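J.: Got a structure for you, written out below as structure tokens; questions coming shortly.
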């Protein structure tokens, strides 16, 4: 051990802990050799500490410059000016001798920032092979795996941490495959039955699958295991927001403030709390505070965008969503939010682009396809809208939006039988999901009126009368129209009886409609659970 070098490293570490990154780097300026050569273990430590301090200094300056630019387009072009010098020095030493796991990790970080993803993956695989317990390297490697085929092609070490990595990939970047993440986490729960990290990941998997009841169960169990834990509690606040459980959310916020008022999770919880109260200005304040503490906190950027939408500040909302997309291009929420913003401003071609990005990331999510179809409908591209609504229905559109919209489109095209089929399925789905609630939306009331008239025109008077009776229970204008239709049906019945031409109800075209089984129930519509509060 070189005595002059070791005290310098300790001094640099003290400066680093105080976030005086330039001083830390300067303290190590004379520790490394003037010309690149194979490094000793102590020199490897000094190299990593010096270059990582320079990297963080560049990141801090980058954040400052981004805030100095009022134009979002200009701020997004700001770069860390230290990246190229750091990479050049690392490569110079790497050519003379192997680097240790931490310097390889730093090289992967820099290469990823420079957009050289393939090289970054290679360096990160080398890093985790040498030192598998560097979870930061695994997380960055997961971020560089946009396709599951890439994960399969990596030569990863056979280590117990590997299922954690697979679960991380599935949870963060393939959220529609969270059921597969649960399979990985089930393996980990057997090995680590008391692990709070596994419990938190399991709760997140249920959250991504929109199984909120089970997510709350897991998170409450997590709080019992570790009552002073804040990691993951922002997810609990999102679920409570969706449920509009103001009392529980207020209790959680009070608990988080007592633990640590200036933790990023606490700021996120308070932002949710004030948003649920309708105080969007305070919500923005807390989400901004979260981002000052952690500029790469994805959830806070997305939620900040939602708050700006509530405040009708479209420019700031777009900037927030774009930052979220930059942090994780595979997170669909920000793409969906951008699509909603442009749709609200009637910029349908832009909205279509962002909705399609969201649908590519969530191909099994009916809500994404309904959003794409809505834009196609606005653009008068009816055939494409029908295909998208059919895709939504194939992926279990729980609210029945796709069925109703398909019925409307088929009516516009003059395909009344298809329209009747889709209205009947939408009504059956509503009755199945809300057996005790007979309240019908305006769209379903229109569908019931259409079905009653259609059954009457096709000679199925019994079914038409049943539908009219349902409209009479609603009252108002639909009830008045139902009375008129009932009188007409009775007149037709009397005329048919007199002429002895009444045909059996089972032979009518309506029988085919009534025999169609409604699709099974599916996840809840897009809401704050997906960090999206905007109505579609």
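No value in this document is a laboratory result; all are computed from the given coordinates. Remember, predicted model here, so these are calculated numbers, not experimental data. Because the Cβ atoms are built from the backbone with ideal geometry, glycine has one as well, and the counts that use them run over all protein chains shown.
J.: Show me the ranking of peptides 94-105, 396-407 by mean Cβ neighbours inside 10 Å, starting with the highest.
T.: Values: 94-105: 18.2, 396-407: 23.7.
So the order, starting with the most tightly packed, is 396-407, 94-105.
J.: Please give the helix 348-361 orientation as an angle from the longest Cα principal axis of the chain, in degrees from 0 to 90, rounded to the nearest 10.
T.: The two axes meet at around 70 degrees.
J.: Helix 416-433 sits at what angle to the longest principal axis of the chain, using alpha carbons and giving 0 to 90 degrees rounded to 10?
T.: Its long axis makes an angle of about 70 degrees.
J.: Identify the residues of segment 364-385 with backbone N under 11 Å of a label point that sits 7 angstrom from the Cα of residue 412 along the Cα-to-Cβ direction, or state none.
T.: Of the residues in segment 364-385, 374-385 have backbone N under 11 Å from the label point off residue 412.
J.: At 7 Å along Cα-to-Cβ for each site, give me the label-to-label distance between residue 330 and residue 433 in nm.
T.: 3.0 nm
J.: From the helices alone, meaning DSSP H stretches of at least four residues, give me the mean residue ellipticity at 222 nm for the chain, per-run term -39500 (n - 2.57), in deg cm²/dmol to the nearest 500.
T.: Numbers: 29 runs with 382 residues, N = 536.
Result for the chain: -22500 deg cm²/dmol, rounded to the nearest 500.
J.: Express the relative contact order of the chain as a whole percentage, based on alpha carbon pairs under 8 Å and six or more residues apart in sequence. Mind showing how you got there, number by number?
T.: Working: 674 pairs, mean separation 39.9, N = 536.
Answer for the chain is 7 percent.
J.: Just grab the label-to-label distance for residue 160 and residue 118, each label 7 Å out from Cα along the Cβ direction, in nm (one decimal).
T.: 3.7 nm
J.: Given R₀ = 45 Å, what would the calculated FRET efficiency be for residue 18 paired with residue 379, taking r from the Cβ atoms and rounding to 0.05?
T.: 0.20
J.: Thinking of the chain as a set of Cα atoms, what percent of all their pairs are more than 35 Å apart?
T.: Taking all Cα-Cα pairs of the chain, the fraction more than 35 Å apart is 50 percent.
J.: What number results when the radius of gyration of segment 126-196, computed over Cα atoms, is divided by 2.2 N^0.38 Å?
T.: 1.07
J.: Angle check, please: helix 101-113 long axis (alpha carbons) against the longest principal axis of the chain (alpha carbons), in degrees 0 to 90, nearest 10.
T.: Between helix and principal axis, roughly 50 degrees.
J.: Another question about this same structure. Using Cβ contacts closer than 10 Å as the measure, can you line up 493, 323 from fewest to most?
T.: 493, 323
J.: Here's another thing I want to ask about it. So if R0 is 22 Å, what FRET efficiency would residue 186 and residue 221 give, r being the distance between their Cβ atoms, rounded to the nearest 0.05?
T.: With R0 = 22 Å, the Cβ-Cβ based efficiency is 0.90.
J.: Taking square-rooted eigenvalues a ≥ b ≥ c of the alpha carbon gyration tensor, is segment 373-498 rounded, prolate or oblate, where a/c under 1.5 means rounded and, failing that, a/b exceeding b/c means prolate?
T.: The shape class here is prolate.
J.: To the nearest 0.05, what FRET efficiency results for residue 496 and residue 246 with a Förster distance of 45 Å applied to their C-beta separation? Show your work: numbers first, answer last.
T.: Values: r = 58 Å, r/R0 = 1.30.
Using R0 = 45 Å, I get an efficiency of 0.15.
J.: Treat the count of other C-beta atoms within 10 Å as a stand-in for reagent exposure and order 299, 441, 275 from fewest to most.
T.: Numbers: 299 21, 441 14, 275 24.
Least to most surrounded, the residues fall as 441, 299, 275.
J.: With the Cα gyration tensor of segment 74-117 giving a ≥ b ≥ c as the square roots of its eigenvalues, does the rule (a/c under 1.5 for rounded; else a/b larger than b/c for prolate; else oblate) give rounded, prolate or oblate?
T.: Details: a/c = 3.14, a/b = 2.20, b/c = 1.43.
Judged from the Cα gyration tensor, segment 74-117 comes out prolate (a/c at least 1.5, a/b above b/c).
J.: If each residue's Cβ is checked for other Cβ atoms within 10 Å, how do 198, 281, 78 rank with the fewest at the top? Working shown, then result.
T.: Details: 198 23, 281 10, 78 16.
Sorted ascending by nearby Cβ count, the order is 281, 78, 198.
J.: How much length is gained if the chain between residue 84 and residue 150 is pulled fully straight, taking 0.36 nm per residue apart and subtracting their Cα-Cα distance, in nm to one decimal?
T.: On the way: separation 66, 0.36 × 66 = 23.76 nm, distance 2.65 nm.
Gain in length upon complete extension: 21.1 nm.
J.: How far, in nm, would the chain grow between residue 477 and residue 316 when pulled straight, counting 0.36 nm per residue and subtracting the alpha carbon separation? Kindly include the intermediate steps, with their values, before the conclusion.
T.: Working: separation 161, 0.36 × 161 = 57.96 nm, distance 4.39 nm.
That works out to 53.6 nm of additional length.
J.: OK, next. Once you treat every alpha carbon in segment 235-392 as an equal point and sum by Debye, what is log10 I(q)/I(0) at q = 0.11 Å⁻¹?
T.: -0.48
J.: Right, next: With an 8 Å Cα cut-off and a minimum separation of 6 or more residues, compute the relative contact order for segment 232-391 in percent.
T.: Once divided by the residue count of segment 232-391, the mean separation gives 12 percent.
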